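Enquirer: Please find one structure pasted underneath; my questions will follow.
The values are calculated or read from the model by the stated rules, or taken from the named source; none is laboratory data. For clarity, every value in this text was computed on a predicted model and none was experimentally measured. Please note: Cβ atoms are built from the backbone with ideal geometry, for glycine as well, and neighbour counts cover all protein chains shown. Accessible surface is based on the protein model in full, side chains and every heavy atom, while ligands, DNA and RNA are left aside. Shrake-Rupley method; radii C 1.70, N 1.55, O 1.52, S 1.80 Å.
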Amino acid sequence: MVKLGEVYRKLTNDDFIILEFFVKNLKKFEYIPIDFLVQKLTKYTPKEIDARLRKLNSIKVIERHPTMNAYRLKALGLDCVALRRLVRKGILKAIGDIIGVGKESDIYRALTDNDELVVVKFYRIGRTSFRHAVKVRSYGVEFERGTWLVRSIIAGKREREALAILNKYNVPSVPRLHGGALHAVVMEYVEGPELYEVRELQRPLEVLNNIIEAIRASYWRAKLVHGDLSEYNILIDLSRGEERPFIIDWPQYVTSVEPNAQKLLERDVQYIIKFFNKRFDLRIDVNEVLKYVLTPME
Ligand code: ADP
Ligand code: MN
């Protein structure tokens, strides 16, 4: 397993100029021909460019086309560029270990300039195909036409947009966004397992209530529907003897005015109620909760 922090530290300013050039041209080419690099990056001699590309290839941030004289950026290279931008923006000062490999992301622990513990979620769209195919619909044409890296950038941007709106309207039980770049989302670190791993809760009703309040506030105040709510996208913070839920993984959100919004909201609520009833032996009536969630607030 390559360590992101270690690879990052091997990169110089000139390396980043080349990597940024790859990022700038992501929508234009998948593989950039060496001739094009030589023609555009006039501050370097062809020999220098060739040497740099070899180095970047050897540390696996770019890779060479099997037959053509061209290179493409790899996910690791995109991570490094995003990381560098986050450091330059004064959002992060250090990247730590990988703490999670999701269906469509790699999650790292990191430290902000103010020494707060956060996570960086780097999108890896294309790693799985099934859920991805379900999600594609709401992402638009640009997404469908793009390479995996372009798609990852779009997903990152969408999740940051959702978190920013949710934070702005003080929707509870959502991680705080610290910023981001490209396909990276920097957010509050939640200390605790995913809900599906939790076998027992001291106060299951209270946890469920908090989730329902979050869904309702999200719909009426932030005007967003999560659209993929499940026991895998809820974390339970168990630190300090608490049981605080956090709803994560928002890129597929839809706004409340979209025609399918209410259907998705109902699906999210039904799914969660069903899970709580089964796992914690409750008898909550889905229709009553739905009525409550659909009652307008301020
Ligand atoms: P994916 O699209 O890959 O499912 P998620 O946002 O669901 O992405 O994150 C994947 C996993 O990473 C989560 O199940 C969780 O274990 C971890 N994770 C995500 N966000 C956080 C966070 N803010 N704090 C702590 N762990 C997180
Ligand atoms: Mn998820």
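Enquirer: Restricting to DSSP loop positions (anything but H, G, I, E, B) with no more than 10 other Cβ atoms inside 10 Å of their own Cβ, which trypsin sites (Lys or Arg not before Pro) remain in region 190-242?
Expert: On the way: sites: R199, R216, R221, K223, R240; in loops: R199, K223.
Sparse-neighbourhood loop trypsin sites (Lys or Arg not before Pro): R199.
Enquirer: By its C-alpha gyration tensor, with a ≥ b ≥ c as the square roots of the eigenvalues, how is region 177-224 shaped: rounded for a/c under 1.5, else prolate for a/b larger than b/c, else oblate? Kindly include the intermediate steps, with their values, before the conclusion.
Expert: On the way: a/c = 3.16, a/b = 1.32, b/c = 2.39.
It comes out oblate by the Cα gyration axes.
Enquirer: If the cut-off is a Cα-Cα distance under 28 Å, which lysines reach K223, setting aside same-chain residues fewer than 8 apart in sequence?
Expert: Filter leaves K103, K121, K135, K157, K168, K263, K274, K291.
Enquirer: Let me ask you something else. How much of the accessible area of region 195-293, in percent, comes from carbon and sulfur atoms when a 1.4 Å probe is used? Mind showing how you got there, number by number?
Expert: On the way: 2390 of 4970 Å².
Of the solvent-accessible surface of region 195-293, carbon and sulfur hold 48 percent.
Enquirer: Per residue, how much accessible area does region 80-201 show when a 1.4 Å probe rolls over the protein heavy atoms, in square angstrom?
Expert: Numbers: 5800 Å² over 122 residues.
Result: 48 Å² of accessible area for each residue.
Enquirer: Right, here's the next one. For region 7-163, what does the alpha-carbon gyration tensor say about shape, rounded, prolate or oblate, given a ≥ b ≥ c as the root eigenvalues, a/c under 1.5 as rounded, and a/b over b/c as prolate?
Expert: In terms of gyration-tensor shape, oblate.
Enquirer: Oh, and also: At q = 0.14 Å⁻¹, what log₁₀ I(q)/I(0) does a Debye calculation on the Cα points of the chain give, no solvent, two decimals?
Expert: Normalising to I(0) and taking log10 leaves -1.04.
Enquirer: For K40, which lysines qualify as cross-link partners when the Cα separation must be under 26 Å and same-chain residues fewer than eight apart are set aside?
Expert: Counting by Cα, and skipping residues close in sequence, K40 has these lysines nearby: K10, K24, K27, K28, K55, K60, K74.
Enquirer: Continuing with the same structure: Over region 15-60, give the accessible area per residue in Å² for a 1.4 Å probe, as an integer.
Expert: Values: 2680 Å² over 46 residues.
Accessible area per residue, region 15-60: 58 Å².
Enquirer: Another one. Percent of Cα-Cα pairs per 5 Å bin, from 0 to the last occupied bin, for region 78-188, please list those.
Expert: Here the calculated profile for region 78-188 is 2, 13, 22, 23, 20, 13, 6, 1.
Enquirer: Mind ordering 276-282, 246-252 by average Cβ neighbours within 10 Å, highest first?
Expert: Values: 276-282: 14.3, 246-252: 23.7.
Ranking the peptides 276-282, 246-252 by packing returns 246-252, 276-282.
Enquirer: Using a 1.4 Å probe over the heavy atoms of the protein chains, calculate the carbon and sulfur portion of the accessible area of region 4-76 as a whole percent. List each step's numbers first, then the result.
Expert: Numbers: 2130 of 4190 Å².
Exposed carbon and sulfur together represent 51 percent of the surface.
Enquirer: Another question about this same structure. Whenever you get a sec, compute what percent of the accessible area on region 78-188 sits on carbon and sulfur atoms (1.4 Å probe).
Expert: On the way: 2610 of 4960 Å².
Heavy-atom surface of region 78-188 belonging to carbon and sulfur, 1.4 Å probe: 53 percent.
Enquirer: Any idea what log10 I(q)/I(0) is at q = 0.20 Å⁻¹ for region 4-76, Debye with uniform C-alpha scatterers and no solvent?
Expert: Values returned for q = 0.20 Å⁻¹ are -0.81.
Enquirer: At most 11 other Cβ atoms within 10 Å and a DSSP loop assignment: could you name the trypsin sites (Lys or Arg not before Pro) in region 18-119 that fit? Provide the component values of the computation, followed by the final result.
Expert: Details: sites: K24, K27, K28, K40, K43, K47, R52, R54, K55, K60, R64, R72, K74, R84, R85, R88, K89, K93, K103, R109; in loops: K27, K28, K43, K60, K74, K89, K103.
Qualifying residues, ordered by number: K28, K43.
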